[in-house]
Amino acid sequence: MIKLISFLTISLLLFTQVNAKEPFKWYDDEDYKPFIYKDKDGSSKGLFKDIMTEAFKRMDIPLENRLFPWKRTQQYVKEGKADGMVTVPTKERRKIFYATDPIIIAHDKIFVRKDNPKIEQIKKITGIKDFKNFKVIDYIGAGWAKEHYKGFDVVWAPSQKNVFLMLANKRADIYLANEFVGISNIQQLIKEKPQYAKNLEKIVVLPQPITDMKFCLLIRKNSHYADIIPLFNKTLKGMKKDGTYDKILKKYLTIPKD
């Protein structure tokens, strides 16, 4: 009996060690600057990358990060090719994912051309319900938009950069997005596509926040890492307490300047 117990104990230890070396696979959006994006050299950068890297280092869990177009990312994670992704926990996503505490709560605002003939009406918008009077634009794979824009007049763009190009070319009235993400995209597009600069420069962001987006780490319910959520939440609180979290936010959440 003692030999059997010893054998089982050793086996359990070996199994735990092997599992501990298996990285948490985190897939995410390759083009959501400054939150998460693929740099020119192909490496992942951004606010989410810094927070996730620091948190998993403190939890002593190896982290593997890969970035893809957002729609493909979500499909890969659902198929089990990765353990999780950082995004907003919609009702649909909660069916197959557990959510951590918010990594960040982003205040989304309206982007609109300043010469839009409906600009005065748009300035009076106070909530999503008011969007029904305008042509809204968003990009394919935006789960929050898909859930909240049912019954609205929506144009679906292939990517977020296309959203701003289409908005600049009067294909829609309004786009709801995080201020930092939106301005970063517009300034990058002006450099990449100078032929559209004149129209892109007419896009402004209105001051009133319309909704709060809670970006959380979503972990597949059938992932063997599904039980780390309490530890992740505790680690995130520790990062906020010792000032690391605020330091990361200040690094990324500034309005980009030319």
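The values are calculated or read from the model by the stated rules, or taken from the named source; none is laboratory data. Source: prediction; values computed, not measured. Counting neighbours? That spans all protein chains shown, and the Cβs are built from the backbone with ideal geometry, glycine included.
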Selection count, the stretch 208-258, where residues are hydrophobic (A, V, I, L, M, F, W, C), closer than 16 Å to residue 51 by Cβ and part of a strand (DSSP E or B): 6
Test: residue 131 is within 26 Å of residue 34 (Cβ to Cβ), touching a helix residue (DSSP H, G or I) at 6+ places or on another chain (Cβ under 9 Å), not assigned by TED's automatic domain parsing to the domain that holds residue 207 and not acidic (Asp, Glu): no
Selection from the stretch 51-97 of residues that are closer than 24 Å to residue 249 by Cα and among the aliphatic types (A, V, I, L, M): 51, 52, 55, 59, 61, 63, 67, 85, 86, 88
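With the stretch 123-207 as the region, which strands (runs of 3 or more DSSP E) entirely inside it contain at least 1 residues that are hydroxyl-bearing (Ser, Thr, Tyr)?
Values: elements: 136-139, 154-157, 175-178.
So the answer is 136-139, 175-178.
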Residue among 169, 178 that alone is touching a residue at least 40 places away in the same chain (Cβ under 8 Å) and within 28 Å of residue 133 (Cα to Cα): 178
Count - residues of the stretch 94-114 that are among the charged types (D, E, K, R) and either without any contact (Cβ under 8 Å) to a residue 12 or more places away in the chain or out of contact with any Asp or Glu (no Cβ under 9 Å at 6 or more places or on another chain) (or both): 4
Of all residues in the stretch 96-139 being closer than 30 Å to residue 55 by Cα and β-branched (Val, Ile, Thr), the one that is surrounded by the fewest Cβ atoms within 10 Å (Cβ to Cβ): 105
First in the stretch 52-78 and modelled with pLDDT of 95 or more and polar (S, T, N, Q), second anywhere and part of a helix (DSSP H, G or I) and surrounded by 15 or more Cβ atoms within 10 Å (Cβ to Cβ), Cβ under 7 Å, 6 or more apart: 65/49
Condition check for residue 102: touching a Lys or Arg at 6+ places or on another chain (Cβ under 6 Å) and more than 30 Å from residue 197 (Cα to Cα): yes
Options 168, 177; residue that is surrounded by 21 or more Cβ atoms within 10 Å (Cβ to Cβ), in the same structural domain as residue 149 (by TED's automatic domain parsing), within 17 Å of residue 37 (Cα to Cα) and in contact with a helix residue (DSSP H, G or I) (Cβ under 8 Å, 6 or more places away or on another chain): 177
